[in-house]
1. Output the number of residues of the range 28-64 satisfying the condition of being among the charged types (D, E, K, R), surrounded by 14 or more Cβ atoms within 10 Å (Cβ to Cβ) and over 15 Å from the mean Cα position of the chain (by Cα).
2. Going through the range 1-43 one residue at a time, which ones are of a type in the set (Gly, Ala, Ser), touching a residue at least 40 places away in the same chain (Cβ under 8 Å) and farther than 22 Å from Tyr129 by Cα?
3. For residues that are aromatic (Phe, Trp, Tyr) and surrounded by 18 or more Cβ atoms within 10 Å (Cβ to Cβ), scanning just the range 76-124, find the one that is modelled with the lowest pLDDT.
4. Could you list, ordered by first residue, the pairs with Cβ atoms under 8 Å in which the first is in the range 62-80 and more than 25 Å from Arg130 (Cβ to Cβ) and the second is of a type in the set (Asp, Glu) and assigned to a strand (DSSP E or B), at least 6 apart or interchain?
5. Given the conditions (1) at negative phi; (2) surrounded by 15 or more Cβ atoms within 10 Å (Cβ to Cβ), report the number of the one that Arg20 does not fulfil.
6. Of the conditions (1) at pLDDT below 95; (2) on the phi > 0 side of the Ramachandran plot, Gly51 satisfies every one except a single condition; which number is it?
Amino acid sequence: MSTATTASVSTHILDTSIGRPAEGVAISLSARTGSDGEWAALGGSATDADGRCKDLPALPEGTTHVRLGFETETYFSHQHKKQAEAQQDAPRVRDSATFFPEVTITFAVNPGEHYHVPLLLNPFGYSVYRGS
């Protein structure tokens with residue numbers, strides 16, 4: 001039985017358009033107590049070469065809801081430029097490299113549980129689920 005009094009959160013991102021982890025995506029973490037509580041920004045991090053974010057801030061005691069914010073526009077802008085440089089026949093850079101410039105996921109948590117929230121991402125869609 002867990003003796004932890006707070007929940008914990010981790011995430012990783014897979015870019016399904018290239019079949020690889022999404023490196024360098026900025027992630028912000030916020031939390032609140034109760035469904036009508038104020039959101040408190042806790043900080044953030046960025047994904048590593050494996051698409052994982054291993055150093056998100058700890059959640060405060062009493063956290064009931066968590067919000068993860070993923071800055072996808074900057075990632076896809078850089079990704080598209082890298083692909084264009086690597087391929088002569090790559091499509092021209094569009095005005096907007098992604099339809100979703102950011103992705104925000106909000107979920108409820110219980111004390112003592114760990115929540116791994118993977119994001120499957122491509123320029124025109126995304127999917128998220130509670131992982132293990």
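1. 1
2. Ser2, Ala4 - these are the residues of the range 1-43 that are of a type in the set (Gly, Ala, Ser), touching a residue at least 40 places away in the same chain (Cβ under 8 Å) and farther than 22 Å from Tyr129 by Cα.
3. Phe76
4. Every condition considered, the pairs that remain are Gln79/Asp15.
5. Going through the list (1) at negative phi; (2) surrounded by 15 or more Cβ atoms within 10 Å (Cβ to Cβ), Arg20 breaks only (2).
6. With respect to (1) at pLDDT below 95; (2) on the phi > 0 side of the Ramachandran plot, Gly51 is out only on (1).
The values are calculated or read from the model by the stated rules, or taken from the named source; none is laboratory data. A quick note: this is a predicted structure, and the numbers were derived from the prediction, not measured. Cβ: placed from backbone, ideal geometry, glycine included. Neighbour counts: every protein chain shown.
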